[in-house]
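Chemist: The structure's right below; bear with me while I get my questions together.
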Amino acid sequence: MALDSAGNLYIADTLNYRVRKVAGGTITTVVGSGPIYPNAGSFSGDGGPATSANLSFPWDVAFDNSGNMLVVDAKNYCIRSVDAKSGNTQTIAGTPTKFGYGGDLGPATKALLNNPESITVDSSGNIFIADSSNAVVRVVDALGTISTIGGDTKLGFSGDGGPADSAQLDYPTGVAVDPSGNVWVADVNNNRIRELTPSGPMVPSPGSVVNGASFISGGLVPGGIATVFGSRLTSATGINETSGLPLQSQFLNVSVKFNNTINAPLFAVDNVNGQQQINFQVPWELSKLVGSNVVLQVVDNGAASPPVSVPVLAAQPGIFVALHANYQPVTSAQPATASEVLVVYGTNLGPCLRPRRMALPGPARN
């Protein structure tokens with residue numbers, strides 16, 4: 001079951017091969033059509049209305065950060081999405097009607113699942129799947145890439161205190177994520193709840209990426225200065241500033257990358273009393289992506305954070321400091337006055353147009 005942003009209840013009605021909605025005391029079918037149990041379920045409907053799609057043992061339902069509904073279509077061995085705007089269905093993970101284990105580090109739509117039973121979404125938009133008969137937990141990131149983060153595909157019990165992907169699970173049927181990024185798994189045949197604690201860098205959410213001057217979140221401006229906050233971003237301590245030009249794109253074995261291809265120039269990598277941040281320049285290459293989203297990851301010693309999707313903006317002005325003509329800062333004790341000329345240092349002002357050339361006087365004519 002799941003609630004949408006309006007508080008409506010959604011039920012995975014497994015044996016009726018449908019997802020149903022309860023709103024104001026009234027129940028309706030919102031996903032699924034065709035036969036009901038004991039007749040066999042089937043697969044159809046991708047690209048069309050969700051109410052015309054066919055499911056087979058829908059086991060769980062959730063919502064992503066854009067309000068799209070996610071359905072665990074267990075016996076079709078896939079995860080399906082219902083677009084919040086169009087109401088159409090598409091497969092976002094698994095190969096419909098084919099079961100198995102495979103596809104890690106590639107497109108989730110080409111992977112193989114085996115009786116997935118639970119799904120959840122974290123604040124960064126990563127989709128976690130309890131891939132039950134494969135005895136693993138898998139994640140689909142913002143780039144649509146699937147990977148295994150818990151379990152080694154062998155049914156059993158082992159691995160507490162060690163790497164999660166070397167542990168053994170026995171038919172995990174439930175998965176949840178807490179605000180710190182820890183993944184909780186219902187390891188049903190082992191009669192336990194297991195916790196997978198991330199060990200690499202963690203950027204909690206898109207709101208952790210902010211304007212370097214105003215600390216306002218909401219997007220990145222090509223060429224501007226930005227800051228990313230998080231945990232386990234670096235093993236270094238103190239305030240560590242880069243030096244020289246051009247700015248380094250890797251510093252103290254730390255980098256900030258976009259869409260898995262573009263590295264940002266770095267200003268500083270800081271870790272003071274456990275508070276960690278990286279100050280960087282947003283790559284100019286992102287100017288072609290204004291109006292869309294870009295995927296950001298922090299890499300420390302080869303380990304990458306789960307990706308977060310951040311909008312690329314044309315401008316988001318932020319002011320570092322304003323100075324009087326004598327270069328003293330403008331403060332409440334020394335406020336600016338009417339008609340005074342100030343020096344302002346800012347960032348994310350948007351593209352600067354080349355100034356026009358002043359025309360030179362031409363020769364005198366009669």
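Chemist: Working with all protein chains in place, sort LYS288, LYS75 by solvent-accessible area computed with a 1.4 Å probe, largest first.
Modeler: LYS288, LYS75
Chemist: Over the stretch 1-130, what is the relative contact order in whole percent, taking alpha-carbon pairs under 8 Å and six or more residues apart?
Modeler: 18
Chemist: So, one more: Between PHE320 and GLU340, what's the calculated FRET efficiency when r is the beta-carbon distance and R0 is 25 Å? Round to 0.05. Before the final figure, lay out the partial values.
Modeler: Numbers: r = 19 Å, r/R0 = 0.75.
Computed FRET efficiency for PHE320 and GLU340 comes out at 0.85.
Chemist: Explain nothing, just the number: relative contact order of the chain, from Cα pairs under 8 Å at least 6 residues apart, as a whole percent.
Modeler: Across the chain, relative contact order equals 9 percent.
Chemist: Here's something else I'd like to know. Order LEU3, LEU252, most accessible first, counting only protein heavy atoms with a 1.4 angstrom probe. Show your work: numbers first, answer last.
Modeler: Working: LEU3 115, LEU252 75 Å².
Per-residue accessible area, sorted high to low, gives LEU3, LEU252.
Chemist: Taking Cα centroids, how far is the stretch 182-252 from the stretch 42-80 in Å?
Modeler: 32
Chemist: Note down the nm distance, to one decimal, between modelled labels 7 Å out along Cα→Cβ at ASP83 and at PHE157.
Modeler: Between ASP83 and PHE157, the label points sit 4.7 nm apart.
Chemist: A further question follows. Along its three principal axes, how long is the chain when you only count alpha carbons? Whole Å, largest extent first please.
Modeler: For the chain, the Cα extents along the three principal axes come out at 97, 58, 43 Å.
Chemist: Which is farthest toward the positive dipole end of the chain among PRO265, ALA336, VAL121, measuring Cα position about the Cα centre, with Cβ charges +1 (Lys, Arg) and -1 (Asp, Glu)?
Modeler: Value computed over the given set: ALA336.
Chemist: On the Cα set of the stretch 209-268, report Rg and Dmax in Å, please.
Modeler: In Å, with Rg to one decimal and Dmax whole: 11.8, 30.
Chemist: Oh, and also: Treating cross-link reach as a plain straight distance, find the lysines whose alpha-carbon is under 17 Å from the alpha-carbon of LYS98, omitting any fewer than eight places away in the same chain.
Modeler: Cα-Cα hits under 17 Å: LYS75, LYS110.
Chemist: So, one more: Leaving out same-chain residues fewer than 8 places away, which lysines sit with a Cα under 28 Å from that of LYS288?
Modeler: LYS85, LYS257
Chemist: Once you keep just the Cα pairs under 8 angstrom separated by 6 or more residues, what percentage relative contact order results for the stretch 53-117?
Modeler: Over the stretch 53-117, the number comes to 26 percent.
Chemist: Counting Lys and Arg as +1 and Asp and Glu as -1, each charge on the Cβ, what is the dipole of the chain about the Cα centre in debye, to the nearest 20?
Modeler: On the way: 19 positive and 24 negative charges, 257 e Å.
For this selection, approximately 1240 debye.
Chemist: Quick one, can you get me the convex hull of the C-alpha atoms of the stretch 1-108 expressed as volume per residue in Å³?
Modeler: Numbers: hull volume 10.8 nm³, N = 108.
With only Cα atoms used, the stretch 1-108 gives 100 Å³ per residue.
Chemist: I want to verify the translational diffusion coefficient of the stretch 127-174 in µm²/s; compute it with Stokes-Einstein, Rh as the Kirkwood radius over Cα pairs, at 4 °C and 1.567 mPa s.
Modeler: Answer from the Stokes-Einstein relation: 122 µm²/s.
Chemist: When you take every Cα atom in the stretch 217-366, what is the radius of gyration, and what is Dmax, the widest Cα pair distance, in Å?
Modeler: Reported Rg and Dmax, both Å: 20.1, 77.
Chemist: Counting other Cβ atoms within 10 Å, which chymotrypsin sites (Phe, Trp or Tyr not before Pro) in the stretch 197-265 have at most 13 and lie in a DSSP loop?
Modeler: Values: sites: PHE215, PHE229, PHE251, PHE258; in loops: PHE215.
Of the chymotrypsin sites (Phe, Trp or Tyr not before Pro), the ones in loops of the stretch 197-265 whose Cβ has at most 13 other Cβ atoms within 10 Å are PHE215.
Chemist: Run through the stretch 118-215 and list the trypsin sites (Lys or Arg not before Pro) located in a DSSP loop whose Cβ has at most 16 other Cβ atoms within 10 Å.
Modeler: The qualifying sites are LYS154.
The values are calculated or read from the model by the stated rules, or taken from the named source; none is laboratory data. The model shown is predicted, which means the values in this text are computed figures rather than measured ones. Cβ sites come from the backbone with ideal geometry, for glycine too, and all protein chains shown count toward neighbours. For accessibility, only protein heavy atoms count, side chains too; no ligands or nucleic acids. Shrake-Rupley method; radii C 1.70, N 1.55, O 1.52, S 1.80 Å.
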